[in-house]
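J.: A single structure is presented below for examination.
The values are calculated or read from the model by the stated rules, or taken from the named source; none is laboratory data. Since the model is a prediction, treat every value here as computed from it, not as a measurement. Note that we place each Cβ from the backbone using ideal geometry, even for glycine, and neighbour counts take in every protein chain shown. Just the protein is used for accessible areas: all its heavy atoms, side chains included, with ligands, DNA and RNA removed. Shrake-Rupley method; radii C 1.70, N 1.55, O 1.52, S 1.80 Å.
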Amino acid sequence: MRKSILFAAMALTALGMSAEGKGVWLETNHNFGAFDEDLGTVYCDFKLVNVGDEPLAIISARANCGCTRPEYSVDPVAPGDTAVIRVGFDPKGRPGRFVKNINVDIDSDPLRSNLTIQGTVIGASNTLKTRFPYSLGSMKLRSLTIPYGNVDKGHTSGQYVEGYNASSDTLRPVVKDTPDYIKVLIQPAAVPPGEQFIVSTVLHSDRCKDWGIVTDSFKVYPSADAAEGMTVETVSILNEDFSKLTPDQRKNAPMIETDVTAIDLKKLSRTDAPIHRTFTIENLGKSPLIIRGISCPDKAVEVKLKNDKIKPGKKEKVEVTVTPSLIGDTELLNARINIVANDPLHPSTMVRVVAEVK
């Protein structure tokens, strides 16, 4: 091969071209394939042949990441000789696919070249436990909760969970039992060994009948025929969209007021009979107050409201029932009753139920 390169250089000289160094890369991309993180730093060599008539030299080689380290000599490369840039990649703590670039400058043509290394790191167990702590066989997830935060009705919110294939085979995860108002997509559908995937979700708030704090879930299975899947919880706060209200509409809007901010039951025992209390919701505004939702996530506390539309200046009674036997393993009951209403100033109101549990 060297003879053919030298012959090409001599031919160019014979045609009257000026004498100068000229570099030709034998390859500009190297694929390490899939390898274990425990293997440590991996290396490859990029070779630059001087097909010109004058010596050339490598001025610099810089990688776009600290995990990639090029090594080279700055000594001149004579015509017909070969320079070598050795590139090392440290996979520690970097499971999954990678693509790294190295910019090389020489004092001859071409002045700037781009070299690329790529591959897939199959993560070590300690690394995967840190980055993807939730496992079902070879399928791993970074989180089992998707928080959407506050979402106005009529709007959407997108969130995702990262996953990882820790096996030596292609993984084809599937999603089941998704709520009607949440769209879920796994990308890519076929996950090669050692590579990551995304469980991408979009919440469509207008398709959900609930208001306020809304919790739900769906399951991710390693394959379509897998008997077991991982449950991913979803949490959102669905509010009314007040952004289009005019100043007059805001001035004449309803206004919610509760006669208490907390119901203090003092002390109780888990063997006590159910306890009944009430509080009132009053509309201090100028238009009907609509209670979009009233609930308590604590299973020991039940709330009931007979009329969810309250005229200006009127009140409605809320019935609260606390069942001590349903209180969890705690010495303090601190439950939250969440009230969602069409009050633009107070779209969400909370009344606490507290007690010392004997």
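J.: Please list, in chain and number order, the residues 5+ apart from residue 152 or on another chain whose amide H is under 5 Å from its amide H, with Hs placed from the backbone.
T.: For residue 152, the qualifying residues are 239.
J.: For 176, 244, give the ranking by accessible area with the largest first, probe 1.4 Å.
T.: Of 176, 244, the descending order of accessible area is 244, 176.
J.: Mind checking the dipole of the range 63-148: about its Cα centre, +1 per Lys or Arg Cβ, -1 per Asp or Glu Cβ, Debye to the nearest 20? Each step should come with its number before you reach the end.
T.: Numbers: 11 positive and 7 negative charges, 196 e Å.
That gives a dipole near 940 debye.
J.: Show me the GluC sites (Glu not before Pro) within the range 287-348 that DSSP assigns to loop and that have at most 12 other Cβ atoms within 10 Å of their Cβ.
T.: Loop-located and lightly packed - 331.
J.: Summing +1 for each Lys or Arg and -1 for each Asp or Glu, what net charge is found among the other residues whose Cβ lies under 12 Å from the Cβ of residue 238?
T.: -2
J.: Moving to a separate point now. For the chain, what is the accessible area per residue in Å², given a 1.4 Å probe and the full set of protein chains?
T.: Working: 19450 Å² over 358 residues.
Averaged over the residues of the chain, the accessible area is 54 Å².
J.: From the list (1) 22.0, 72; (2) 33.1, 106; (3) 20.7, 62, can you say which value of Rg and Dmax of the Cα atoms in Å was derived from the structure given?
T.: Structure-derived value, by its label: (2).
J.: Right, next: Loop only per DSSP, at most 10 neighbouring Cβ atoms within 10 Å: give me the trypsin sites (Lys or Arg not before Pro) in the range 264-311, ordered by residue number. Don't jump to the answer; show the numbers that get you there.
T.: Working: sites: 266, 267, 270, 277, 286, 292, 299, 304, 306, 309; in loops: 270, 286, 299, 306.
Passing sites in the range 264-311 are 306.
J.: Take the alpha-carbon centre of the range 218-270, take the same for the range 157-182, and report the distance between them in whole Å.
T.: 25
J.: Compute the separation of the alpha-carbon centres of the range 43-57 and the range 61-105 and state it in Å as a whole number.
T.: Computed from Cα coordinates, the inter-centre distance equals 14 Å.
J.: Under the Kirkwood approximation for Rh and a Cα-based Rg, what ratio Rg/Rh is obtained for the range 225-276?
T.: Radius of gyration relative to Kirkwood radius: 1.24.
J.: GNM, the chain, Cα, under 10 Å: largest mean-square fluctuation among 122, 198, 263?
T.: Evaluated over the chain, the most mobile residue of the options is 263.
J.: While we're on this one: Name the residue farthest towards the positive end of the dipole of the chain from the options 98, 278, 301, assuming +1 on Cβ of Lys and Arg, -1 on Cβ of Asp and Glu, about the Cα centre.
T.: 278
J.: For the range 255-358, restrict the atom set to alpha-carbon positions and state the Rg and Dmax in Å.
T.: Computed over the Cα atoms of the range 255-358, radius of gyration and Dmax are 14.4, 46 Å.
J.: Normalise the Debye intensity by I(0) for the range 181-248, one equal point scatterer per Cα, no solvent, then take log10 at q = 0.14, 0.17 Å⁻¹ and round to two decimals.
T.: -0.60, -0.77
J.: Karplus couplings for the range 63-76 from phi (6.51 cos²θ - 1.76 cosθ + 1.60, θ = phi - 60°), rounded to Hz, Gly and Pro as x?
T.: Each residue of the range 63-76 in turn: 9, 8, 8, x, 7, 10, 10, x, 10, 7, 9, 8, 5, x Hz.
J.: What is the percent carbon and sulfur in the accessible area of the chain, measuring with a 1.4 Å probe over the protein chains and ignoring ligands?
T.: So the carbon and sulfur contribution to the accessible surface is 49 percent.
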